[in-house]
1. Percent antiparallel among DSSP beta bridges with both residues in the chain, to the nearest 5?
2. How much accessible area does Tyr292 have with a 1.4 Å probe, in Å² rounded to the nearest 10?
3. Which residues' amide hydrogens lie under 5 Å from the amide hydrogen of Val22, considering only partners 5 or more residues apart or on another chain, with H built in the peptide plane?
4. I need to check one value: relative contact order of the stretch 3-117, counting alpha carbon pairs closer than 8 Å and at least 6 residues apart, in percent.
5. Only sites in a loop by DSSP and with at most 16 other Cβ atoms within 10 Å count here; which trypsin sites (Lys or Arg not before Pro) in the stretch 153-182 make the cut?
6. Would you mind checking the pairs Lys23/Lys189; Lys6/Lys228; Lys6/Lys159; Lys23/Lys145; Lys6/Lys233 and listing those with alpha carbons more than 24 angstrom apart?
7. Could you grab the relative contact order for the chain? Cα pairs under 8 Å, six or more apart, rounded to a whole percent.
8. Kindly rank 32-38, 93-99, 109-115 from highest to lowest mean number of other beta carbons found within 10 Å of each residue.
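The values are calculated or read from the model by the stated rules, or taken from the named source; none is laboratory data. Predicted model, so just to flag it, every value in this text is computed and none were measured. Cβ sites come from the backbone with ideal geometry, for glycine too, and all protein chains shown count toward neighbours. Surface areas here come from the heavy atoms of the whole protein model, side chains and all, with no ligands, DNA or RNA. Shrake-Rupley method; radii C 1.70, N 1.55, O 1.52, S 1.80 Å.
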Amino acid sequence: MNLSPKERARRAFDHRAADRIVKAELWIGAPVLRRAALADDLAGHLALRRQLGMDILFLPLSDQPAVKAEPGYRRFSPADVAAAVDQGEFFVGVVLDGPLQRLVEERGLPAVFTDWAAGPDRMVERLIGASGPVLELTDTALKLKVQAVVMAEDLAWQKGPYFKPAEIRPYLRRFYSDFARLVQEGGAKALMHSCGNIMAFLDDLSAAGLDGLAGAQIECLDAIGIKKEYGRKLTLLTGLPAFLLDHDDPDEAAWSGFRNTVRRLSEGNGFILGSSTGLYAGAHLERLERLYLIAEEAISRRDE
């Protein structure tokens with residue numbers, strides 16, 4: 001079996017076996033492309049995915065495309081996304097900022113916390129009311145024939161949620177149900193990204209009908225537990241700890257833990273190997289290549 005990147009990705013979302021581990025990143029910053037001697041444009045991103053053997057091309061999509069100053073990844077235009085889809089090589093997905101993420105970027109997290117504490121019901125209605133432009137951009141992406149849409153919203157820090165689950169549940173159930181239905185009716189896969197420990201929200205996100213979690217932060221989630229409970233419903237894009245990307249010389253215990261995690265997450269399929277934070281440092285290029293080799297070896301040994 002010698003599959004194309006597109007077919008590998010489809011199999012991951014269908015929870016079917018592929019000829020090797022499926023790989024993707026949501027965000028890749030300019031320093032990584034410079035390290036690879038590539039331009040931070042669509043052609044450079046395509047070339048880097050080929051070089052690294054990735055299967056999915058995720059492009060952050062914005063109605064105001066630009067290079068985001070911090071942490072330094074490019075936001076692409078609808079025209080760029082259309083060209084990527086027309087290119088035909090990769091399974092193409094877009095990453096969009098959700099209503100909460102837009103509100104946080106506009107006003108700052110402390111102000112959002114203050115307003116939430118003063119009136120959670122009012123904030124939920126405000127978020128639902130602000131969802132229109134986000135769903136319009138989702139519809140724009142679907143008209144370009146993308147195969148996946150990731151809604152990015154940070155709901156938690158490492159120890160737990162920013163908000164009480166009961167307070168934000170009406171927003172999660174309504175907005176993400178609308179989002180999942182729109183995406184799936186458009187023939188694509190609907191995923192959600194959040195940093196932090198979102199275990200308290202998994203029932204809500206699953207009930208909304210999402211196809212997967214993208215960039216799940218493995219350092220603070222029970223990824224194996226999620227796989228066991230939701231693995232038949234949710235495809236997981238995760239598995240690369242920031243520690244292994246950022247440290248020059250991790251000890252053998254860290255490598256052993258990574259091998260074991262990859263083996264267990266790949267059981268039953270529905271798994272895409274990727275980080276939760278994206279690739280921002282130039283040194284991530286070589287480290288990712290090493291991590292890919294170790295992951296492939298771990299899967300091969302499991303299957304022997």
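1. Restricted to the chain, the bridges split so that about 10 percent are antiparallel.
2. The value for Tyr292 is about 10 Å².
3. Placed amide hydrogens put Leu273 under 5 Å from Val22.
4. Reported as a whole number, the value is 25 percent.
5. Qualifying residues, ordered by number: Lys159.
6. Lys6/Lys228; Lys6/Lys159
7. Values: 555 pairs, mean separation 64.1, N = 304.
After rounding, I find 21 percent.
8. 93-99, 32-38, 109-115
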